[in-house]
Amino acid sequence: MDQLFEAFGIQLPLLLAQLVNFGVLFVALTYLLYKPVMKALDERRAKVAQGVLDAEEAAQKLASADEEASTTVQTAEREAEGIVASAREEAGSEKTRIVKEAEARAASVAADAEARAKETADKSLRESEKEIARLAMLAAEKAMRKES
């Protein structure tokens, strides 16, 4: 074997020194570089996996929030329609009541005006009768004076 090493120019002490150096370098790189890098990669992989899980959970929460918001909006719309319908109904009944009140007031005012007009006409008629009677008496008095 010595001849083989001599043919290729390999020196046994130098080969052993390189083997020891390679072993020391391998151990140093394993503990100082490979393990920390692998640990960082594992942590990064776990973070990414957690991020994916969080994103899925957020998507589910968003979907449930959208459904809840939709349900709330539909409920609010139904309530609003009910309120508007009852307001219209109440406005209609209030309108009917106000119209009836106005008609009653108009009838009362008309009846009052008619009574006043009749009273005024009666009063005018009485005054006219009095005036006619007075004029008749004056005419009769004048006629009697002429005859006497």
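Values for this structure:
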{"quantity": "Charge sum, other residues only, whose C-beta stays under 13 Å from Ala133's C-beta, Lys/Arg counted +1 and Asp/Glu -1", "calculated": "-1"}
{"quantity": "GNM top mover of Leu14, Leu32, Leu41 - the chain, alpha-carbon springs below 10 Å", "calculated": "Leu14"}
{"quantity": "Label zone at Glu43 (point 7 Å along Cα-to-Cβ), backbone N below 20 Å, the range 4-31", "calculated": "29-31"}
{"quantity": "Crossing angle, helix 12-29 versus the chain [Cα axis fit, 0-90 degrees, rounded to tens]", "calculated": "20 degrees"}
{"quantity": "Cα gyration tensor, the range 61-117 - rounded (a/c under 1.5), prolate or oblate", "calculated": "prolate"}
{"quantity": "Net charge over other residues, Cβ less than 14 angstrom from the Cβ of Lys35 (K, R count +1; D, E count -1)", "calculated": "-1"}
{"quantity": "Candidates per GluC sites (Glu not before Pro) in the range 74-113, loop by DSSP, up to 10 other Cβ within 10 Å", "calculated": "none"}
{"quantity": "More than 20 Å apart - percent of Cα-Cα pairs taken over the range 31-148", "calculated": "79 percent"}
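Every number in this text was worked out from the coordinates using simple rules, so none of it is lab data. What you see is a predicted model; the values in this text were computed from it and never measured. No Cβ is skipped: glycine too gets one built from the backbone with ideal geometry, and neighbour counts run over all protein chains shown.
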